[in-house]
Amino acid sequence: MDARLQQRVQRYGWDRAASYYEQSWSRQLAPAQDLLMKMAALKPGERVLDIACGTGLVSFRAAHEVGSNGEVIGTDISEAMVESCRRATGERGVANTRFERMEAEKLSLPDASFDAVLCALGLMYVTDFAGSIREMFRVTKPGGRAVSAVWGKRDRCGWAEIFSIVEKCVESDVCPMFFQLGTGEMQAALFESAGFADIQSERITTVLEYESGEEACVAAFAGGPVAMAYSRFDDATRASAHADYLESIAAFKRGTGYAVPGEFVVTWGERDRAEGN
């Protein structure tokens with residue numbers, strides 16, 4: 001798929017997913033976000049960038065950790081996600097955050113301007129993995145660090161058939177390389193190629209728990225990366241796709257709910273302090 005077309009698919013797809021995202025994924029993504037925040041080790045007064053911030057699940061945690069003397073800027077390709085964050089900023093009375101629509105592949109931000117750059121479950125969706133990580137490096141201050149969490153290997157993510165199920169229903173080609181960054185040491189290698197040093201990477205397993213088949217389907221179809229394609233389904237196609245997806249996760253059924261296995265890879269890298277000399 002052409003890169004600009006893929007970006008449009010991502011932008012408008014996440015616009016559609018925005019209203020479902022937090023209720024569908026906040027609990028399931030928490031283990032990856034917890035590890036990312038631990039590895040980031042944010043300090044009061046720091047300036048932080050949260051790329052692909054979604055509804056601000058990480059951004060607002062970072063804002064709390066850096067305190068009133070710090071600042072967090074959240075960026076996302078989806079205007080609906082950005083607007084959700086802006087509304088939440090006002091509702092929560094958080095004064096040290098700012099949110100902007102921006103593509104991860106080309107950040108409209110100055111060089112060496114952040115103490116920490118975060119990306120929690122966002123890099124899988126970009127059109128250029130290496131270029132986006134180079135952008136993370138570019139905006140990180142010498143002595144600063146970047147941390148990125150991605151989904152792990154395809155065969156360790158029990159929900160992975162969602163992509164092929166959607167492809168059977170409508171041509172979408174959504175995230176054809178979705179699991180690449182979680183394979184082997186791919187993400188760590190790209191961090192190194194971008195210029196980061198002292199790279200650390202950790203792989204963790206998790207379980208995505210859903211109370212019902214309906215909840216599992218809302219998360220997979222309406223609240224995730226296939227939302228744009230899903231919006232084009234008629235009622236019959238939706239029913240068929242739901243049935244196929246529930247069959248694909250049938251092995252993980254627990255009573256009336258589901259406990260679907262998953263895996264995350266979280267990678268940390270530092271920009272050499274000597275570069276500022």
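The values are calculated or read from the model by the stated rules, or taken from the named source; none is laboratory data. Here the structure is a predicted model, which is why all the values come from computation and not from measurement. Counting neighbours? That spans all protein chains shown, and the Cβs are built from the backbone with ideal geometry, glycine included. Side chains included, ligands, DNA and RNA excluded: accessible areas come from the protein's heavy atoms. Shrake-Rupley method; radii C 1.70, N 1.55, O 1.52, S 1.80 Å.
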Worksheet item: Only one of 87, 16, 4 is touching a Ser or Thr at 6+ places or on another chain (Cβ under 7 Å) and open to solvent by 40 Å² or more (accessible area, probe 1.4 Å); which?
Response: 16
Discussion item. Here's a check for you: in segment 90-102, which residue that is under 18 Å from residue 69 (Cβ atoms) and under 20 Å from the mean Cα position of the chain (by Cα) is least open to solvent (accessible area, probe 1.4 Å)?
Written reply: 97
Discussion item. Going residue by residue through segment 103-123, is there one that turns out to be closer than 23 Å to residue 5 by Cβ, in a helix (DSSP H, G or I) and open to solvent by 20 Å² or more (accessible area, probe 1.4 Å)?
Written reply: no
Discussion item. Being touching a residue at least 12 places away in the same chain (Cβ under 8 Å) and crowded, with 23+ Cβ neighbours inside 10 Å narrows it down to one residue among 180, 187; which is it?
Written reply: 187
Worksheet entry | Given (1) open to solvent by less than 10 Å² (accessible area, probe 1.4 Å); (2) over 15 Å from the mean Cα position of the chain (by Cα); (3) among the charged types (D, E, K, R), number of the condition residue 50 does not satisfy | (2)
Discussion item. Here's a check for you: in segment 19-36, which residue that is of a type outside the set (S, T, N, Q) and buried (at least 19 other Cβ atoms within 10 Å of the Cβ) is nearest to residue 102 (Cα to Cα)?
Written reply: 21
Worksheet item: Taking into account only those residues within segment 37-47 that are over 19 Å from residue 263 (Cα atoms) and not in a strand (DSSP E or B), which is least open to solvent (accessible area, probe 1.4 Å)?
Response: 40
Discussion item. Quick check on this structure: which one of 146, 227, 222, 160 is free of Cβ contacts under 8 Å to residues at least 24 places away in the same chain and of a type in the set (A, V, I, L, M, F, W, C)?
Written reply: 160
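Yes/no per residue for (1) at pLDDT 95 or above; (2) more than 30 Å from residue 239 (Cα to Cα); (3) in a loop (DSSP other than H, G, I, E, B):
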position	(1), (2), (3)
167	no, no, no
176	no, no, yes
192	yes, yes, no
199	yes, yes, no
Fill in: Given (1) in contact with a Gly (Cβ under 8 Å, 6 or more places away or on another chain); (2) at positive phi; (3) not in a strand (DSSP E or B), index of the condition residue 184 fails
(1)
